[in-house]
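Undergrad: Below is a structure I'd like to ask you about.
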Amino acid sequence: MMQRLRDEAFMRAAIALARRGLGRTWPNPSVAALVVDESVEPPVVRARGCTAPGGRPHAEANAVTAAGEAARGATLYVTLEPCARRSQRVFGPSCTEVILESGIARVVIGAADPSPFASGEGTEALRKAGIAVVTGLCEAEAREVTRGHCLRVSGHRPFVTLKLAQTADGFAGTADRKPIMITGEEARAYVHRLRSIHDALITGIGTVLTDDPRLDVRLPGMAGMSPMRVVLDTQGRLPAHARIITQAASAPVLVLSAQERKQFHGVSDRAASQANPSGGQGEQAVEILRIPKTEDGHLDLAAALGALAAQGITRVMVEAGPTLSNAFAKAGFIDRLELLTGAHATGQGLPAIGPDLAGWIAKAQLVDERMLGPDRLEIRKGQG
């Protein structure tokens, strides 16, 4: 019993560490590993490792390297099953091989990895080598951190969070679709932090044309944590003067459209000059991908999410108007809802929650509810 409690304590510490990397490790999941010396009482953490920004090196390799000789005979706590193979070994030895060479005596794993480079193979190799392996510890918490990675592997799409704000009487804007101030400083700071833990933000062309948002992270010390911005623009209406384009140097922009690049008058040239006035690689700041339309003339959201997954995106947050938000609910592509309700009523306006989203909310599980200053936050997760 004492060993189990210790294992859970160290695993929860590793999971907390893994959460800190969310939004910065794609196309790989954010994983954390602890090297713990259990030969002393109480046990001591000798080294920590996280997935590096950009996805490599992996957490296990970083932890074992930091531990050095202290890894020999120690226990490794890792939030996700170690990889067993690498594609053509381009990136060096797998995490399983690193563990085997380190002298680690025991491995405790949080969640299983459905990736073809893991999927039980690493666990089996460790056990065959005589290493004691414990699996499924704090699995639910560990899986929450890696759920985007798992969805990308098994569902060919990223994990989708919908962020929505409404007035106290349920409106998202004026009746003529003009933006209104809904939440206060505490709620806005919370949204910026939410942005920082996602790989990409999705918005619609209607929001860009109406609000001209920046969709970046503007908290002190976190300017470099702005995620990729993704604009769904079926007809190619994105203007070159939009702030999301003129500030493309701060975070890349991906436009998903049914139109060819030539339809976007001056967007690529403007983005290139803003991102890199002297030329060179500024053009890469804005990328345009063609996405098929559905029979009703809108972008195919399944194809859009599939395109993002193909680019390595594991976690996205949708910050859009009621129409696109409802479309994501109708298509069945909402995994988590962050709903902010302001303190003031307007009496009239554009309803924030459409019928399909209302149906999703009715079936979703409420996992958290709290106040952010004068505003109320509700967090719900979908079934499955």
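Undergrad: Report D for the stretch 126-204 in µm² per second (integer): Stokes-Einstein, Kirkwood Rh on Cα pairs, 4 °C, 1.567 mPa s.
TA: It comes out at roughly 78 µm²/s.
Undergrad: Between Lys330 and Arg243, what is the spin-label point distance in nm, taking each point 7 Å from the Cα along the Cα→C-beta axis?
TA: Spacing of the two 7 Å Cα→Cβ label points: 3.0 nm.
Undergrad: Plugging the Kirkwood radius over Cα pairs into Stokes-Einstein for the stretch 335-384, at a temperature of 4 °C and a viscosity of 1.567 mPa s, what D comes out in µm²/s?
TA: Once the numbers are plugged in, D ends up at 108 µm²/s.
Undergrad: Continuing with this model, one more query. Find the Rg to Rh ratio for the stretch 158-230, where Rh is the Kirkwood radius over alpha-carbon pairs and Rg uses the same atoms.
TA: 0.96
Undergrad: Lys/Arg Cβ at +1, Asp/Glu Cβ at -1, dipole of the stretch 1-84 taken about the Cα centre: which of Trp26, Ala13, Ala52 is farthest positive-ward?
TA: The listed residue farthest towards the positive side: Trp26.
Undergrad: Given H placed 1.01 Å from N in the peptide plane, which residues other than close sequence neighbours of Gly173 have an amide H under 5 Å from its amide H?
TA: Placed amide hydrogens put Leu350 under 5 Å from Gly173.
Undergrad: Turning to a different aspect of this structure: Can you run phi through the Karplus equation (6.51, -1.76, 1.60; θ = phi - 60°) for the stretch 112-117 and list ³J(HN,Hα) in whole Hz, with x for Gly and Pro?
TA: 6, 10, x, 4, x, 8
Undergrad: Hey, could you pull the Cα Rg and Dmax for the stretch 280-384, both in Å?
TA: 16.7, 52
Undergrad: Now a separate question. Nearest 0.05, what FRET efficiency do Thr135 and Asp176 give at R0 = 45 Å with Cβ-Cβ as r?
TA: Computed FRET efficiency for Thr135 and Asp176: 0.20.
Undergrad: With labels modelled as points extended 7 Å from the Cα through the Cβ direction, what inter-label distance (nm, one decimal) is found for Glu144 paired with Lys363?
TA: For Glu144 paired with Lys363, the spin-label model returns 2.3 nm.
Undergrad: Under a 5 Å amide H to amide H cut-off, with H placed in plane at 1.01 Å, what residues pair with Gly321 once short-range neighbours are removed?
TA: Amide H neighbours of Gly321: Gly204, Thr207.
Undergrad: Same structure, new question: In degrees between 0 and 90, to the nearest 10, how far off the longest principal axis of the chain does helix 185-196 point, with axes built from Cα atoms?
TA: Compared with the principal axis, the helix lies near 60 degrees.
Undergrad: Please pull out the direction-averaged projected area of the stretch 113-250, using the convex hull of its alpha-carbon atoms, in nm² to one decimal place.
TA: Taking a quarter of the hull surface, the average projection is 12.8 nm².
Undergrad: Oh, and also: When the gyration tensor of the stretch 305-360 is built from Cα positions, what are the square roots of 5 times its three eigenvalues, in whole Å, from largest to smallest?
TA: Each semi-axis is √(5λ); the values are 26, 13, 10 Å.
Undergrad: Also, quick follow-up: Using R₀ = 41 Å, calculate the FRET efficiency as 1/(1 + (r/R₀)^6) where r is the Cβ-Cβ separation of Ile379 and Glu41; round to 0.05.
TA: 0.55
Undergrad: Whole percent per 10 Å bin, from 0 to the bin with the longest distance: what is P(r) over all C-alpha pairs of the stretch 1-157?
TA: Percent of Cα pairs in each bin: 12, 46, 35, 6, 0.
Undergrad: Over all directions, how big on average is the projection of the convex hull of the alpha-carbon atoms in the stretch 132-177, in square nanometres?
TA: The Cα convex hull of the stretch 132-177, projected and averaged over all directions, gives 6.0 nm².
Undergrad: Exceeding 18 Å between C-alpha atoms, which entries from my cross-link table qualify? They are Lys163/Lys330; Lys178/Lys381; Lys330/Lys381; Lys293/Lys381; Lys163/Lys293.
TA: Lys178/Lys381; Lys293/Lys381; Lys163/Lys293, as the Cα separations exceed 18 Å there.
Undergrad: At a probe radius of 1.4 Å, what is the per-residue accessible area of Lys293, in Å² to the nearest 10?
TA: So the heavy atoms of Lys293 present about 120 Å² to solvent.
Undergrad: Place a label point 7 angstrom from the Cα of Met371 along the Cα-to-Cβ direction, then list the residues of the stretch 180-217 whose backbone nitrogen is under 15 Å away.
TA: 184-187
Undergrad: Then there's this: What FRET efficiency comes out for the pair Thr294/Met222, r = Cβ-Cβ distance, R0 = 30 Å, nearest 0.05?
TA: 0.20
Undergrad: Simple spin-label model, 7 Å along Cα-to-Cβ: Ala66 to His156 in nm?
TA: Each label point is offset 7 Å from its Cα along the Cβ direction, giving 3.8 nm.
Undergrad: Can I ask one more? Can you tell me the order of 138-151, 26-39, 165-178 when each peptide is scored by its average per-residue count of other Cβ atoms within 10 angstrom, highest first?
TA: Sorting 138-151, 26-39, 165-178 by mean packing, highest first, produces 26-39, 138-151, 165-178.
Undergrad: I've got another one for you. Which net charge results when you count Lys and Arg as +1 and Asp and Glu as -1 among the other residues whose beta-carbon is under 15 Å from that of Leu366?
TA: Once positives and negatives cancel, what remains is +1.
Undergrad: Most mobile of Leu366, Leu162, Leu238 per a Gaussian network model of the chain (Cα springs, under 10 Å)?
TA: Comparing Leu366, Leu162, Leu238 in a Gaussian network model of the chain, the most mobile one is Leu366.
Undergrad: Could you sort the peptides 212-225, 118-131, 299-312 by per-residue average Cβ neighbour count (10 Å cutoff), highest mean leading?
TA: With the highest mean Cβ count within 10 Å placed first, the list reads 299-312, 118-131, 212-225.
Undergrad: Further, regarding this structure: Whole number please: convex hull volume per residue, Cα atoms of the chain, in Å³.
TA: Value for the chain: 162 Å³ per residue.
The values are calculated or read from the model by the stated rules, or taken from the named source; none is laboratory data. This is a predicted model, so every value here is computed, not measured. A quick note on method: Cβ atoms are made from the backbone with ideal geometry, for glycine too, and the neighbour counts reach across all protein chains shown. We work out accessible area using only protein heavy atoms, side chains counted, and drop any ligands, DNA or RNA first. Shrake-Rupley method; radii C 1.70, N 1.55, O 1.52, S 1.80 Å.
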